[in-house]
Structures are given as structure tokens and as C-alpha cells.
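What follows is a short report on a single structure.
The values are calculated or read from the model by the stated rules, or taken from the named source; none is laboratory data. What you see is a predicted model; the values in this text were computed from it and never measured. Here Cβ is always computed from backbone atoms with ideal geometry, including for glycine, and neighbour counts include all displayed protein chains. The protein model used for the area step is the full one, side chains on, heavy atoms only, and it has no ligands, DNA or RNA in it. Shrake-Rupley method; radii C 1.70, N 1.55, O 1.52, S 1.80 Å.
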Amino acid sequence: MDLQTFWFLLIAVLFIGYFFLEGFDFGVGILMPFVSRDEVDRRVTINTIGPFWDANEVWLITAGGAMFAAFPHWYATMFSGFYLPLLLILLALIVRAVGFEFRSKMKEKWWRSTADHFIFWGSALPAFLWGVALTNIVIGLPIGSDMNFVGSLGALLNPYALLGGTASLVMFTLHGAIFLSLRTTDDLKERVERVARLLWVPAGVVLLGFAVLGYRHTVLFEGLGLVPGTLPMIAIVSFIAVLVFMQIKKFGWAFAATGATIVFGTMVIFQGMYPIVMPSSISSDYHLTVYNASSSDLTLTIMSVLALIFVPIILAYQGWSYWVFRERVTRDAITRS
Amino acid sequence: MEALELARWQFGITTVYHFIFVPLTLGLSVLVAILQSFYYRTGDLHYKRLTKYFGKLFVIIFTLGIVTGIVQEFQFGMNWSEYSRFVGDIFGIPLAIEALTAFFIESTFLGLWIFGWTRLPKAIHLACIWLVAIASNLSAIWILMANSWMQVPVGYHLVNGRAELTDFVAILLNERLLVQMPHVILGGFITGGMFVLALSAWMILRKKQPEIFLKSAKIALVFTAVASLLTATTGHDQAQDTVQSQPMKMAAMEGLWETEQPASFSLFAIIDQEERTSRREIRLPYMLSVLSHNNLTSEVRGMNDIQAEMVEKHGPGDYLPPVAIIYWSFRIMVGLGVLFIAVAFWGLWLWWRGKLQEHAFYLKTTMVMLFLTFVANTAGWIVAEMGRQPWVVYELLLTADGVSPSVFESSIWISMTAFTLVYGILAVAAFYLIWHFGRQGAPEEEEGVEKNLHTY
């Protein structure tokens, strides 16, 4: 495997890790206003992701930094091309973090409800917009000979991309609902379990529509014919498994299954694109590939050594932090503090 | 305004705002860790209360540093895509390492620290805050490595109009990094020190738990005194490096139009950039030679000579930065630096005389100093960044050539307005929260009962 391919894989891993991890905390943020009956419920809901959401977000920051270093052209084309959607994502992530950290600092009702709005919109917007962005990349953007985006905002808001956004939004919400069922107790737990079951059917419809239209609008399934291939099959099977596990009340397994749907669904996208990273809808001569968008071999080698040292260490201590905070969050614990 | 001007304004606004919180984080994280270490060693509940008091304020400040930092990372690609293409091979490495080695540690262990009071053994809990403090400062080092390369590019060769890495060690050991990094980090330590000192002073003045806050005031005084002295000496090193590596910046810092030998230091001048002269000057003879080369006789080159040389090297153009802004920012930074040293040692003297808690005028002075640390930090960055103009990478890439060609003016107007508005609201909210929690004083702590720093 050449270095370019290795870094393509690593960036795919970072984005997949980001969608898996921040996916459930986006979901929790989206569900918070709907599953909570009172202030204590809201605080329980937020505390389920309290020690984690910030570290989950670092996966995105790392993916951004790694793209900048390993594929500067990919980074430059994507971030300047998606200027306004990215602005929205950034603003959303800002108000979200502030919503989390500042919410509990004041008792006034208006303060807390403002924070709740920040948390909801700060979770829902990125959950939707990452789907839009990823779908647009797969469809291909008007990219010119100088590697720059030459389209308009309207080009990004095409119906298929909006469906992609809806798919990521419902999938993250479902993932979050199942996460919540693992971290809460009593009434709240029963409510989120019900929500999770209710969400499965609409999520299935949207995902199915997204996949079927994917055959027509994208290059992902070219050459596959009617047989979807291994990775898409795992994604489909794991999505069905979500319902089965929920029915037999194995929510831990159901969480692993929504996670697998997100992981393998995203893998389908990355694998289907390779070696292209940003297809140009103008001409195949203008595609950005892992080869013409990458840094020098020296840079990639240095980064590879660093990644191989640090990624396992990071996984170890992040895993440890989930272990430290493994207990469910109860109403008691919240009212006592 | 054109897209270039707008993009520059946006970068300036978002960077200066980000750099209100960063230096505070650098210093305050270390001080919170020190306070908790005192608690760990002595078991004195006063230190625990102080740890939680400043810890709570630290979390508010840290949050704003993080969210504004994400904007910085993506802004390179959004507004400066051609710059990103040009430098990615080199500049991206420290950014990626920063995320891998610093951000993950900061975010994970801050979560563990905030929620870990009730769950972790004391020693491991203390280690968490030290890891946060170390990682915060480490993250500053990686960013400064990236910035130093823009100031003094090393270890590269140009391939197809892009800078490609040839020598990673040269970038790690960039002479610019070695002089700039200690100066910026110590400046952050002064900021954190003044923050703890000023808030302690505020409490002592209000007679709110003065016996507790006298302890934090003393720790902050020692911390600030050491940091402010070292900031001055490292600033001197940095100035000497600037004479060698970026003579135009040094000449602008001095408003020096013609080459001088021996060179005099300018105390006051009205800069007229159009006429290329400095009016009503007050100059100290020999002092610039001392500042630049540590002797009385050396030559320091003026802007007119350097401009002529740059035209010869890079073709026709105006290679002067905005001189008046740099000249005065430099004076503000140095003047305030001297003031911080004086205030810190005045405080130590009052402490030695046992009068620290009674001297209302001194206590009030420290609160003004806290505000001035932000002015000094901002002035420092203006000198460093505007002094490099019109280059974005010194003598390699003009700022005008780094901007994104595909982004419309209207988009930048929207983003600049949005950032300014949101940042403004956040500033008000953060200031209010700091004031609100600052006033309350250190929280009650009972022996043997553990509560987390906060729950959401």
C-alpha cells in the first residue's frame, strides 16, 4: 500500500470515528428537548454525554488537521468550496459547546432555555449538514482546472444532498436514542427506548431511499449491478439487527449495531470514491485524487510514524474515560449535586 | 472592500478574539494545577476551595478558547485556500500533531478532571489537571511552530510553486520557534498570574474570605514576578533574532527609515508612511544597537534600504508593512511588560512588609493590570503578524496570493458579520459569568465529602 492510500484510510478512519462518536452525542442533543419531562430529565440527558462530547469533537479537529497535512488540496478545495455550509457547522459547534458549558451556570429560566436551543440546533444542524456535504462530495462538484470550486451555493442544495442530510440526521438521532437508553434509568430510559423503536422505521425508509437513489446519482455502486457488495451488505444487516436487538431488549448490542451501520455506511462512501477524493462534475481531468491532492512522501512518512505512535495511546485513554464514567446517570445523582 | 481585505479583517478579528482566551488558558491551567498540588500535599481545604473557584472560571475560559480555535483551523481552508495549498506540506504537520498530542489529552482529561472528583483516586485526579495544563502549553508550542515557519521558512524547497518539506528537524528546531515560543508562553503565564492575582485582590478588597484569597494572591505574585522577568529577557532574544531574520519588521518596530550606525532607539515618533519619515522624534542614542546586537556600535538597517533590496529580489512592489501600527504596538507591549514587572515586585515587597492585604490602592492596581495583559498580548501579535506583511510566508508568498479565489465577497461579509456578532454575545456572556462566579467566592468544602466541579 502506498502512503497516499494509507493516509486516505487514516482520514476515513478519523471521519468514521467522528461520525460514530459525535453521532451519538449529536443524537442526545437533538433528543434532549423531546424526551425530557422536566428540568431534572434535561440535566440527566446532558450529563450522559457530559464527560465525552468535547473529546468526541476532537476527532473532527484531528481529521481537519490531518487533511490539511496529508492532502492540502483536498482540504483547500473542500473547505473553500463548502464555505457557507461550513460556516453554519462552525457556528453550530460554537453555540453547542457554549450551551453545554454555560447552561448550568445560571438558574434563570431564560438562560437555561436559551442554552437548550443552542444545544438542540447546535446538534441538529451539523448532524444534517455533514450528510449534505458528504453526499455532495460523492455526487461531484463543479471543480475547475485550478482545483477550485466554481459553483454556487444553490448547487450544494440539490434534492439528493438534502436527502443525504436527512439520512445522517435520523441515523445519528437513532444512535443517540440507543446511547441514552444505556446511560439512563427508570421513566426516562423507557421513554428513550420507545423513541428509538419509533425512529427505526422512518430511518429505514430514508436510508433505503438514499441507497436506491445512490445507484442513479453516484459512482459508488458502479460495476456492482444488483448485488450490493460486502460493505453495503454489512451496513444493511446491522441496520436490521438494530431492530432485532431492540425487540429482545439488548440495547448494548443495538448500540453496536447502529454504530456498525454508521461505520460501514461511511466506509461504503470512502471505498466507493477511492482513489478520487473530490470528483469534478465538469471533467474527469479535474478530479482530485489521493495522488494529485497529497503532500510529499516525506511529510506523509513523518505523519505516519506519529499516527502509529499516538492513535493507539489516544484510543487507550479515551476508552479508559468511558470506563471511569460507566455508571448510568440517575435523577438522584443530579438532584444531590 | 475586496475579498482579500475582508478575509484579512475576518482573520484579524477571529485571531485577536481567540488570543484573549489562549494566554489565559496557558497560565491559568498551570496555576489551577499548582493550587491543587498544594491541596494534595497539605490537605488544607483552603487550597481545595481555591482550586474549585479558579477551576470553574478556567472551564468557562477554556470553552471559549476551544470553540474559537476550531474556527481558526478551518478558516485556513475556507478563506486562504491558496495559502493552504502552498504551505500544507509543512504547516499541516504541526496542526495534525497538535490535535493528536494535545487536543485529545486536553479534552479527555478535562472531562475526567471536572467529573472525576468523586470517582478518581486523589493522585490520579491531580495528574488529570496537570495533563490538561501540560497539553494546553504543548498545543501552543505546535501552533507557534507553524507560525514560526511563516515568519522564518526553513527546511523546504519549492516544487511547482509549492513549499515541500525537506528537513523536519529544521522545522522542529527553527531558530524563530526557539525565541518566540518561550516569549509567548511566558506572556500567557503573566496573563494567568494577573488573573489569579486580580480576582484574589478583588475578594480581599471586598473582605470576602480574605484569609483564603491571600494564599492564592501570594502564589500568583511569585508566579507573575518570575514570568514577567523571563518574558522580558525572552523578548530581548526575540528582538535580536528579528533583526537578523526579518529586518523589515525590526525597522518598522523602530520607525527607522534610514540605516544607522550606531543606531538610536526611538521613544516617540509620529510616523508618516506616505512621506517615509518619522516626525517629532525623541531618540535614545546607541540603545537600538544594544537592543539589536548587545553592543554600542552596530549598524541597524532602515526601511528604505530594505525596500530597495526587496524590489531587487522580488520585483517591483511596496514591501512596507503598516509602520505606525507596528511602531506603537511594539511600544505598548514593551511598556506594559516593564509595568508588569514593576507591579509584581511591588506586590512582593508589600507581602514582605506584611501589608499586601491592607494596601487597597495596590489591590485595585492589579485589577487594571489584568485588563492590560490582554492589551499587551494583542499588541504583541500585531507586531508579529502585521510586521510580516505584505508577506503571509516571509519572502515566499504574498498575503494577496494566499486568499481563496472561489469565495465570494458576499460570503465573507456574511461570515465576518456572523462571527463578530456571535463572538460579541459570547464575550458578554463570559464576562458576566466570570463576574457572577467571581463574586461568589470560593465554594464551601466539607472534610471527606467529594463533589464534582459541576454537572451540566
Count the lysine pairs in chain A whose Cα atoms sit under 28 Å apart, keeping only pairs 8 or more residues apart in sequence or on different chains. 5
Chain A: relative contact order from alpha carbon pairs under 8 Å, six or more residues apart, as a whole percent, is 26
For B:159-165, what's the mean count of beta carbons from other chains sitting within 10 Å of each residue's beta carbon? 3
Mind checking which lysines have their C-alpha under 17 Å from B:LYS208, skipping anything on the same chain fewer than 8 residues away? B:LYS48, B:LYS52, B:LYS218, B:LYS364
For chain B, what does the relative contact order come out to in percent, with C-alpha contacts under 8 Å and a separation of six or more? 23
Size of electric dipole in region B:117-224: Cβ of Lys, Arg +1 and of Asp, Glu -1, about Cα centre, debye, nearest 20: 780
By accessible area (1.4 Å), largest first, A:HIS217, A:HIS287 order as A:HIS217, A:HIS287
According to a simple spin-label model (label point 7 Å from Cα along Cα-to-Cβ), what is the distance in nm between B:ALA127 and B:VAL169? 3.3
Report the GluC sites (Glu not before Pro) located in region B:333-422 that are in a DSSP loop and have at most 12 other Cβ atoms inside 10 Å of their Cβ, or state none. B:GLU358
First obtain the Kirkwood hydrodynamic radius of the protein assembly as shown from its Cα pairs, then insert it into the Stokes-Einstein equation at 4 °C and 1.567 mPa s, and state the resulting D in µm² per second as a whole number. 46
Heavy-atom accessible area per residue, the protein assembly as shown, 1.4 Å probe: how many Å²? 38
At a 1.4 Å probe, what is the % contribution of carbon and sulfur to the accessible area of the protein assembly as shown? 67
Over all distinct alpha-carbon pairs, what is the Kirkwood Rh of region B:82-231 in angstrom? 18.0
Compute the helix-to-body angle for A:186-217: its Cα long axis versus the longest principal axis of chain A, expressed 0 to 90° and rounded to tens. 20
Treating the beta-carbon of each Lys and Arg as +1 and of each Asp and Glu as -1, no other charges, what is the dipole magnitude of chain B about its Cα centre, to the nearest 20 debye? 2220
What is the percent of Cα-Cα separations in chain A that go past 36 Å? 20
According to a simple spin-label model (label point 7 Å from Cα along Cα-to-Cβ), what is the distance in nm between B:LYS313 and A:ARG37? 7.3
Would you please give the FRET efficiency between B:ILE282 and B:TRP352, computed as 1/(1 + (r/R0)^6) with r the Cβ-Cβ distance and R0 = 60 Å, to the nearest 0.05? 0.95
Protection proxy (average C-beta count within 10 Å per residue), highest first, orders A:25-33, B:233-241, B:156-164 as A:25-33, B:233-241, B:156-164
Working with all protein chains in place, sort B:SER266, B:SER245 by solvent-accessible area computed with a 1.4 Å probe, largest first. B:SER245, B:SER266
Assigned charges on the beta-carbon of Lys, Arg, Asp, Glu; region B:40-171 dipole about Cα centre (debye): 900
Plugging the Cβ-Cβ distance of A:TYR317 and A:GLN247 into 1/(1 + (r/R0)^6) at R0 = 41 Å yields, to the nearest 0.05, a FRET efficiency of 0.70
Per-residue mean of C-beta atoms belonging to partner chains within 10 Å, peptide A:104-114: 2
For chain A, what does -39500 (n - 2.57) per DSSP helix run (n ≥ 4), summed and divided by total residues, give at 222 nm, in deg cm²/dmol to the nearest 500? -26500 deg cm²/dmol
Which of B:GLY302, A:GLY164, A:LEU243 sits closest to the plus end of the dipole of the protein assembly as shown, meaning its Cα is farthest towards the positive end, when Lys and Arg get +1 and Asp and Glu get -1 on the C-beta? A:LEU243
I need the peptides A:279-285, B:412-418, A:1-7, B:320-326 ranked by packing, meaning the mean over residues of other C-beta atoms within 10 angstrom, with the highest value on top. B:320-326, B:412-418, A:1-7, A:279-285
Rounded to the nearest 10, the angle in degrees between the Cα long axis of helix A:251-273 and the longest principal axis of the Cα atoms of chain A comes to 20
May I ask you to list the GluC sites (Glu not before Pro) in region B:262-342 that are in a DSSP loop and have at most 16 other Cβ atoms within 10 Å of their Cβ? B:GLU274, B:GLU275, B:GLU299
10 Å Cβ neighbours from other chains, averaged over peptide A:286-299: 3
FRET E, pair A:LYS107, B:PHE361, Förster distance 30 Å, beta-carbon r, rounded to 0.05: 0.25
Only helices at least 20 Å long along their own axis, judged from Cα atoms, and with Kyte-Doolittle mean hydropathy of -0.5 or greater: name those in chain B from DSSP H. B:3-42, B:45-79, B:81-98, B:122-151, B:175-205, B:210-245, B:323-352, B:360-386, B:409-440
Sum -39500 (n - 2.57) across every DSSP H segment of at least 4 residues in chain B, then divide by the residue count to get the 222 nm mean residue ellipticity, nearest 500. -25000 deg cm²/dmol
Sort A:ARG331, B:ARG301 by heavy-atom solvent-accessible area, probe 1.4 angstrom, most to least. A:ARG331, B:ARG301
Measure nothing fancy, just the Cα-based angle from helix A:3-35's long axis to the longest principal axis of chain A, in degrees from 0 to 90, nearest 10. 30
Given the options B:ILE129, B:PRO182, B:HIS157, identify the residue whose Cα lies farthest towards the positive end of the charge dipole of region B:78-214 (+1 on Cβ of Lys, Arg; -1 on Cβ of Asp, Glu). B:ILE129
Chain A: longest segment with zero exposed GluC sites (Glu not before Pro), where exposed means DSSP loop plus at most 12 other C-beta atoms within 10 Å, is residues A:109-221
Qualifying trypsin sites (Lys or Arg not before Pro) for region A:56-154 [loop in DSSP, other Cβ within 10 Å: at most 13]: A:LYS107
Cα→Cβ-extended label distance, 7 Å offset, between B:ASP237 and B:LEU398, nm: 3.6
Of the candidates A:PRO279, B:ILE66, A:ILE139, the farthest towards the positive dipole end of the protein assembly as shown (Lys/Arg Cβ +1, Asp/Glu Cβ -1, centred on the Cα centre) is B:ILE66
